[in-house]
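Undergrad: Provided herewith is a single structure, encoded as structure tokens, for subsequent inquiry.
Values in this text are rule-based calculations from the coordinates and carry no lab data. Keep in mind it's a predicted model, so treat the numbers as computed, not measured. Cβ sites come from the backbone with ideal geometry, for glycine too, and all protein chains shown count toward neighbours.
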Amino acid sequence: MLTRYHAVGSAGPALVAAFPQQGPVRSAVLAPGDYRVPAAPPAALEDAALFDSLLARGLLRLAPGGLVEVAPRDLALWRMAGADLRAADLHRWDGVRLDAEGLRLLARLHGRADGAFVREQVRIFNAERRLLAWRLRPGGLPAGSWQASVGGVAVSARAAMPPASSRLFASLPAGWAPWQRVDDWPAGAGAAAPVRLVLRLGQPARGGERFDLMLAGRLRALEGAALTGDQALCQGGPAAMPARCAR
């Protein structure tokens, strides 16, 4: 139903309401202007449609550990290769049907812009569910560099923390160096995959040095140093990630 109103004086904002056959009334306040209502609803976002298709075909799936797994780029080639030519074990993807549509989706996942966007969102999602990060209090040790490895494979680190890390602390700790965290997790590494951190000093240690290390994660073993204190710092509530400060 449309009703025409004759403006009196200067034109101002107008309340526009829509009454659908089902659902609540929709309303908006619009400034004076020319508005055109499209004849059809807008098309679905390409990346959202791709995500739904990949999920339905099993090319994206939620692993038991809570991480999202992405079908590897070379899954089709791996299936065609002989057992003696397969460098990796991808049998966990045997349930995926790679017909013409499956191959098209796999190529789009790894070769198109919307596929790259989906993979980046998966990376962000997983990064917020497996966090291993560390930082030092300056002044305790000579300058050095950290190297992280997962399953014997060196992995890169980055300074930016995921948004979910804001729940770690009720207030930000002061007097610490910037965070470093594992960034490039190897394919197939689960949410509970152990990480080995090695600190390489720029000069030999004299012995007896003491330093404070803040660790977002769980300390399982220690080599080349002794733990003299262990203080829980996580104050972000029950949904926060585990964090420990070891001295």
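Undergrad: If I take R0 = 30 Å and measure r between the Cβ atoms of R92 and A154 in this structure, what FRET efficiency does the formula 1/(1 + (r/R0)^6) give, to the nearest 0.05?
TA: 0.80
Undergrad: Output ³J(HN,Hα) for segment 104-117: one whole-Hz value per residue in order, computed from phi by the Karplus curve 6.51 cos²θ - 1.76 cosθ + 1.60 with θ = phi - 60°, and x for Gly and Pro.
TA: Going residue by residue, I get 5, 5, 5, 5, 5, 4, 10, x, 10, 5, 5, x, 5, 5 Hz, with x marking Gly and Pro.
Undergrad: Turning to a different aspect of this structure: Give the Kirkwood hydrodynamic radius (Å, one decimal) of segment 64-173, defined as one over the mean of 1/r across all pairs of different Cα atoms.
TA: 17.8 Å
Undergrad: At 0.36 nm per residue, minus the direct Cα-Cα distance, what do A107 and R210 gain on full extension? Give it in nm, one decimal, please.
TA: Taking 0.36 nm per residue and subtracting the Cα distance, the gain is 31.8 nm.
Undergrad: For a quick check: with amide H placed at 1.01 Å from N, whose amide H comes under 5 Å from R61's, ignoring anything fewer than 5 positions away on the same chain?
TA: Correct list: E69.
Undergrad: Next question. Tell me, what ³J(HN,Hα) does each residue in segment 46-54 have, in order and in whole Hz, if you take phi through Karplus 6.51 cos²θ - 1.76 cosθ + 1.60 with θ = phi - 60° and put x for Gly and Pro?
TA: Each residue of segment 46-54 in turn: 4, 5, 5, 5, 5, 4, 5, 5, 5 Hz.
Undergrad: Residues with amide H under 5 Å of D184's amide H, sequence separation 5 or more or different chain, H placed in the peptide plane at 1.01 Å from N; which?
TA: Amide H neighbours of D184: S156.
Undergrad: Using the Karplus curve 6.51 cos²θ - 1.76 cosθ + 1.60 with θ = phi - 60°, what ³J(HN,Hα) values do you get for each residue of segment 194-200, in whole Hz, with x for Gly and Pro?
TA: Going residue by residue, I get x, 10, 9, 10, 10, 9, 9 Hz, with x marking Gly and Pro.
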